[in-house]
Amino acid sequence: MRRIEPDSLDLAAFIRPGDRVLCGQVSAEPQTLAAALPAAFGAVGPFETFLGTVVSNSFDTAPAEMPFAGYGAMGRASRIARRGRLDVWPLHYSALETGFASGTIRADVVLIQLAEGPRGRCATLANDYVLAAARRARCVIAEVNARAPWCAGAEIPSALRIDAIVETDREPVSAPAVATGEAERAIAGHVAALVPDGATIQIGIGAIPDAILDGLAGHRELGIHSGVFGDRMAALAARGVFTNARKTVDPGLGIANVVVGSSPAFGFLHCSEAIRLRPAAHTHAFSVLARQERMIAVNAAIEVDLSGQVNAEAADGAPVGGTGGLCDFSRGARASMGGRSIVALRATGRTGAVSRIVPRVGAVTLARTDADTIVTEYGVAELAHRSAAERARALIAIAAPQHREMLERSLVEGRAP
């Protein structure tokens, strides 16, 4: 194992032309290694960088000809997509781990961030597909960050070969703060009314998820079984809202796959045994979610059509999101005793001119047969076990008033599914 000083880091010594390089995502991104990728591209020649959800600005200044791939255009990865440099793979999040672990999806070089913990054991901030890929990669380079929190459950296996280490001391990537407005708070109020005490929650990141978590502050004995763990979850756990006491699977433990937060989440997680990072084979597994009683999945979307089809991937034909865990969690939560799947979105774009309840979606991420509960600031549409006509009426009722006539007309003209 080589130890490299950050000032002398040269990734070109490890990457070959034609390689696929995987870089840790969200708060698990190894910033020093990520920042060195553009220079390596110039020195080595063409190679592909596979990204997950990006919340840093590490790739904003990458050369225009540098190609990227990813499972979606989440976060700042959408900027790369707008430049036409992101090859989006339409995969369920759960399929990534399986693909990389089996070698079906190739990974040549893996860049990960590690934190040192008890008894010298290192752990990542994400027990995700990147760690699965590292087990089979030709080369693994680790950034050991003195300020990264040590997360239980994400300890690297002793058999994992690490070829080089760069030691750093910097704040891990923090998710940018997002403002919540009146619409998000109204959505949160509707969602909070659907969540019983003792429920187990899956939720993502962004303005609507943040508002919803704020709206759950008065609930009792909630549990966490989610893809992500962030600041608001940490705050609610510290206040005793998330106790995990009534979970039927992993009782007493909060479960997540990756960390997407900042100092509050990092401080709460460091060396804590209350939150465990588990692989997608556990966090996103239908068999696990279906056994978790009162499993409530809450996910955002770009648009929903009058049949209940959900688009979480594209706007105006451009990738701005991804499949992610939407289908995994929606199906698992619907199979849970007392559970439900909630898709929450604003009824319009920011200006109000464009309806996000539409006659027909541009891309189908979640099929109408999987649709359950849709929430906007105007109310709740219960779609499960309802006819096509009943669904359309329920969705029009939660559309923005200025767009309801257009939606009614689309039904008459046959433009809806």
Legend entry - Odd one out for residue 214, checked against (1) open to solvent by 20 Å² or more (accessible area, probe 1.4 Å); (2) in a loop (DSSP other than H, G, I, E, B): (2)
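Just to check your reading of the model, which residue among 40, 115, 34 is more than 23 Å from the chain's Cα centre (by Cα), open to solvent by less than 50 Å² (accessible area, probe 1.4 Å) and of a type in the set (A, V, I, L, M)? Reasoning before the result, please.
Values: 115 fails: more than 23 Å from the chain's Cα centre (by Cα); 34 fails: more than 23 Å from the chain's Cα centre (by Cα).
The conditions single out 40.
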Legend entry - Failed criterion for residue 16 (all others in (1) in a helix (DSSP H, G or I); (2) touching a helix residue (DSSP H, G or I) at 6+ places or on another chain (Cβ under 8 Å); (3) surrounded by fewer than 18 Cβ atoms within 10 Å (Cβ to Cβ) hold): (1)
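State which residue is farthest from the chain's Cα centre (by Cα) when the search covers only the stretch 43-62 and only residues that are at pLDDT below 90 and open to solvent by 30 Å² or more (accessible area, probe 1.4 Å). Break it down into steps so the answer makes sense when it comes.
Within the stretch 43-62, the subset at pLDDT below 90 is 45, 60-62.
After this cut, where a residue has to be open to solvent by 30 Å² or more (accessible area, probe 1.4 Å) as well, the list is 60-61.
Details: 60: 20, 61: 24 Å.
Only one residue tops the list, namely 61.
Yes or no, residue by residue, for (1) touching a Cys at 6+ places or on another chain (Cβ under 6 Å); (2) surrounded by fewer than 19 Cβ atoms within 10 Å (Cβ to Cβ); (3) modelled with pLDDT of 95 or more; (4) of a type in the set (A, V, I, L, M):
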{"residue": "223", "(1), (2), (3), (4)": "no, no, yes, no"}
{"residue": "234", "(1), (2), (3), (4)": "no, no, yes, yes"}
{"residue": "242", "(1), (2), (3), (4)": "no, no, yes, no"}
{"residue": "247", "(1), (2), (3), (4)": "no, no, yes, no"}
{"residue": "251", "(1), (2), (3), (4)": "no, yes, yes, no"}
{"residue": "259", "(1), (2), (3), (4)": "no, no, yes, yes"}
{"residue": "277", "(1), (2), (3), (4)": "yes, no, yes, yes"}
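Residue 281 - would you say it is open to solvent by less than 60 Å² (accessible area, probe 1.4 Å) and at pLDDT 95 or above? Give the derivation first.
Values: open to solvent by less than 60 Å² (accessible area, probe 1.4 Å): no; at pLDDT 95 or above: yes.
No: the conditions fail for residue 281.
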Inset, instruction - Please give the strands (runs of 3 or more DSSP E) falling wholly within the stretch 322-417 in which 1 or more residues are more than 21 Å from the chain's Cα centre (by Cα) and surrounded by fewer than 20 Cβ atoms within 10 Å (Cβ to Cβ). - result: 379-382
Inset, instruction - Mind listing just one residue for me: the one in the stretch 167-211 that is in a loop (DSSP other than H, G, I, E, B) and of a type in the set (A, V, I, L, M, F, W, C) and, of those, farthest from residue 33 (Cα to Cα)? - result: 195
Inset, instruction - Within the stretch 71-91, identify whether any single residue is at pLDDT below 90, in a loop (DSSP other than H, G, I, E, B), surrounded by fewer than 20 Cβ atoms within 10 Å (Cβ to Cβ) and in contact with a helix residue (DSSP H, G or I) (Cβ under 9 Å, 6 or more places away or on another chain), and answer yes or no. - result: no
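Okay, residues lined up against (1) farther than 25 Å from residue 174 by Cβ; (2) part of a helix (DSSP H, G or I); (3) touching a residue at least 12 places away in the same chain (Cβ under 8 Å); (4) aromatic (Phe, Trp, Tyr):
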| residue | (1), (2), (3), (4) |
| --- | --- |
| 41 | yes, yes, yes, yes |
| 56 | no, no, yes, no |
| 94 | yes, yes, yes, no |
| 104 | yes, no, no, no |
Inset, instruction - Report the residue count in the stretch 106-139 for those that are more than 12 Å from residue 277 (Cβ to Cβ) and in a loop (DSSP other than H, G, I, E, B). - result: 9
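Among the candidates 159, 134, single out the residue that is small (Gly, Ala, Ser), open to solvent by 50 Å² or more (accessible area, probe 1.4 Å) and either more than 20 Å from the chain's Cα centre (by Cα) or closer than 19 Å to residue 53 by Cα (or both). Before you say what the answer is, go through the steps one by one.
Working: 134 fails: open to solvent by 50 Å² or more (accessible area, probe 1.4 Å).
None of the others qualify; the one that does is 159.
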Inset, instruction - Pick out the one residue from 296, 302, 255 that is open to solvent by less than 10 Å² (accessible area, probe 1.4 Å), more than 25 Å from residue 118 (Cβ to Cβ) and touching a residue at least 12 places away in the same chain (Cβ under 8 Å). - result: 296
Legend entry - Output for the stretch 305-321, where each listed residue is open to solvent by 30 Å² or more (accessible area, probe 1.4 Å) and part of a loop (DSSP other than H, G, I, E, B): 309, 313, 316, 317, 320
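The values are calculated or read from the model by the stated rules, or taken from the named source; none is laboratory data. All of these numbers come straight from a predicted model, not from anything done at the bench. For neighbour counting, all protein chains shown are included, and Cβ atoms are generated from backbone atoms with ideal geometry for every residue, glycine included. These area figures cover heavy atoms from the full protein model, side chains too; ligands, DNA and RNA do not enter into them. Shrake-Rupley method; radii C 1.70, N 1.55, O 1.52, S 1.80 Å.
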